[in-house]
Amino acid sequence: MLTLFEQKWVAEVRAALQEPLAETNRDFVQSFVGEDVSEAEAMSDKGLQFAFRLRDRYRGGYGLSLPDEQDWLLRPERIIDPAAQMGLLDDSICLAVMACQDPSPMLSLSAAIRLAPRAQHSSLVGELLRETAVETAHKEVRDCLEYGSEKGFEGHALQLMRKVADERFRDLRSACVRDLRELLRQLLDGAVDPQTFVMRFIALSEGNSIKVGVYESMVLTVLRSRTIQPLAKLTLLSNLARMPTSVRRQIAYLVRELSDDPSQKYLSDELASVVEQLRAQSAAAPKPAPTPQATDAPHAAGMRQTLREATGGRRPAIAEKVDRPSYSGPTIDQRLKELAIGDQSEAPQTGRGTASRSQQ
């Protein structure tokens with residue numbers, strides 16, 4: 001059975017999203033980078049400290065596909081939107097850590113796309129992006145950043161990267177919903193055991209940030225069904241903490257309705273038990289580990305060493321833990337090449353037309 005989600009990490013990320021990144025103290029980060037750092041690089045001491053904290057959580061098996069009040073706390077659309085406030089997570093090194101190690105290919109790709117435009121104004125960020133392409137555990141991120149680096153991260157290349165990323169988000173979500181429906185059908189047919197169903201259901205939903213309405217509908221369908229084994233329902237309820245609050249609320253309403261049915265009373269008992277466990281876990285949660293101090297920083301480390309320090313090195317096993325949807329479309333690399341070829345084919349046509357008019 002999956003363990004309950006650690007609520008303290010959700011609160012910590014929420015606090016980091018609300019803390020402004022603007023800061024004048026950059027002694028800590030400069031000693032890691034080995035260069036002077038300005039506001040253009042969007043790096044700060046607090047941001048680097050949170051990047052180390054994020055690295056530790058990734059090592060512990062946690063990502064940033066976290067539940068919030070109404071939705072997932074972080075969606076790729078929010079990360080990729082330059083106008084969205086991201087707090088400490090907007091630090092350039094923190095975004096690089098996300099692009100390297102976040103278990104979700106959607107969140108890692110969106111972090112890379114958010115970071116890429118800064119290379120236009122900072123050679124230091126350009127170097128960071130090139131090292132991120134080397135260290136990342138995700139091929140999607142590597143393909144995008146290698147293309148951007150080849151084009152010098154110029155405006156048109158950034159537009160294509162953003163377009164391809166948006167396409168990939170839609171494609172992955174569509175594939176995810178198809179997989180979830182097929183998974184539910186297999187559960188109803190008895191073709192998959194309850195615990196495997198719940199593990200895959202949660203992994204697919206979180207990793208691909210599916211719409212909460214779809215997520216909620218499928219959860220309630222499982223709980224209402226009289227043909228699904230009780231073990232599937234109990235296992236789903238035991239993961240209540242990994243669901244957005246709005247979904248938890250609907251589950252509570254439904255379980256209250258079903259409690260009048262003696263055959264469904266076990267759901268009410270399990271829900272009460274899970275809620276009590278969550279309260280006890282919240283009260284006994286350990287304090288966050290201290291962030292690294294400036295004395296820990298190596299002298300003039302350089303960007304590659306900085307990124308390795310912050311990410312713990314390349315860790316492809318993290319990406320392998322993600323239950324990816326059965327997407328069978330073109331790769332990021334293929335799609336970027338298709339768009340680039342389309343641009344090249346349009347340019348000569350315009351030139352030929354101009355030449356023929358001049359000859360007339």
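The values are calculated or read from the model by the stated rules, or taken from the named source; none is laboratory data. Just so we're clear, the structure is a prediction, and the values are computed from it rather than from any experiment. Cβ sites come from the backbone with ideal geometry, for glycine too, and all protein chains shown count toward neighbours. When the accessible area is computed, the model is the full protein with side chains, heavy atoms only, and any ligands, DNA or RNA have been set aside. Shrake-Rupley method; radii C 1.70, N 1.55, O 1.52, S 1.80 Å.
Would you mind checking 163/211; 8/233; 139/211; 211/233; 8/46; 46/151 for any pair whose Cα atoms are more than 30 angstrom apart?
46/151
Amide H neighbours of residue 34 under 5 Å, at least 5 residues apart or on other chains, H built in the peptide plane: list them.
The answer is 300, 301, 302.
Please compute the modelled spin-label separation between residue 83 and residue 8, points set 7 Å along Cα→Cβ, answer in nm with one decimal.
3.8 nm
Between residue 341 and residue 18, 0.36 nm times their residue separation minus their Cα-Cα distance comes to what?
112.1 nm
Test of understanding: what is the full-extension gain from residue 195 to residue 166, defined as 0.36 nm times their sequence separation minus their Cα-Cα distance?
That works out to 7.2 nm of additional length.
Shape call for the stretch 27-174 from the C-alpha gyration tensor, a ≥ b ≥ c root eigenvalues: rounded (a/c under 1.5), prolate (a/b greater than b/c) or oblate?
Working: a/c = 1.60, a/b = 1.10, b/c = 1.46.
Here the stretch 27-174 falls in the oblate category.
Could you give the accessible area per residue of the stretch 1-118, probe 1.4 Å, as a whole number in Å²?
Accessible area per residue: 34 Å².
Would you mind telling me the share, in percent, of accessible area of the stretch 1-54 contributed by carbon and sulfur at probe 1.4 angstrom?
48 percent
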